[in-house]
């Protein structure tokens, strides 16, 4: 089956005042939709690849035919990263860091404030377009990483707990070139419940 644009788990205006409805609508229906369209165009050349899930396509890029490999990295990665991004967010301050994920973050990074300083530094320090992520690495450790353009953590063996999009289209209508202000606002939108669920799935009690 061809890939389709997923519905958001909330209304376009649900993240206000930190992310406005117009930005969310454009980001979802134009930018994300374009990645889905371009991915399908690439896979039409090798329709047997529709038998694989998006995750399977991206986990081992070397297996993708060379003539469409770049398109799958860019557009499959864009599709997958945006799905991760939408699920990384919830209505402002509606979830809190708690439980075993809180304990693990504090063990790895010190205080929650120390974690946030390191995460925001990664997001701010990503040159040009890209992402910052909190992940569980292939050796089962928490880590903050950043990726450029639509490179996706799954291609490097990581499981994403959450990630922030720092492409300008994610924030420019409200924040213009002030990435630092967007990042600081975004901490109010982190879906800690979703992140905890993923963490506890990988590290069951």
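Things to note:
- Among the residues of the stretch 68-94, those that are surrounded by fewer than 21 Cβ atoms within 10 Å (Cβ to Cβ) and over 15 Å from the mean Cα position of the chain (by Cα) comprise 68, 69, 70, 71, 91, 92, 93, 94.
- Taking the stretch 9-74 and the helices (runs of 4 or more DSSP H) fully enclosed by it, the elements with 2 or more residues that are under 20 Å from residue 90 (Cβ atoms) are at 21-26.
- Put simply, of 189, 97, 134, 161 the only residue that is more than 16 Å from the chain's Cα centre (by Cα) and either touching a residue at least 60 places away in the same chain (Cβ under 8 Å) or surrounded by 15 or more Cβ atoms within 10 Å (Cβ to Cβ) (or both) is 97.
- Single residue of 65, 47, 9, 17 found to be at negative phi, under 15 Å from the mean Cα position of the chain (by Cα) and loosely packed, with under 15 Cβ neighbours inside 10 Å: 9
- Within the set 129, 120, 114, the sole residue that is surrounded by fewer than 20 Cβ atoms within 10 Å (Cβ to Cβ), within 17 Å of the chain's Cα centre (by Cα) and over 30 Å from residue 71 (Cβ atoms) turns out to be 120.
Bear in mind these aren't lab numbers, they're just calculated from the coordinates by the rules spelled out. Remember, it's a predicted structure, so these values are computed and weren't measured experimentally. For neighbour counting, all protein chains shown are included, and Cβ atoms are generated from backbone atoms with ideal geometry for every residue, glycine included.
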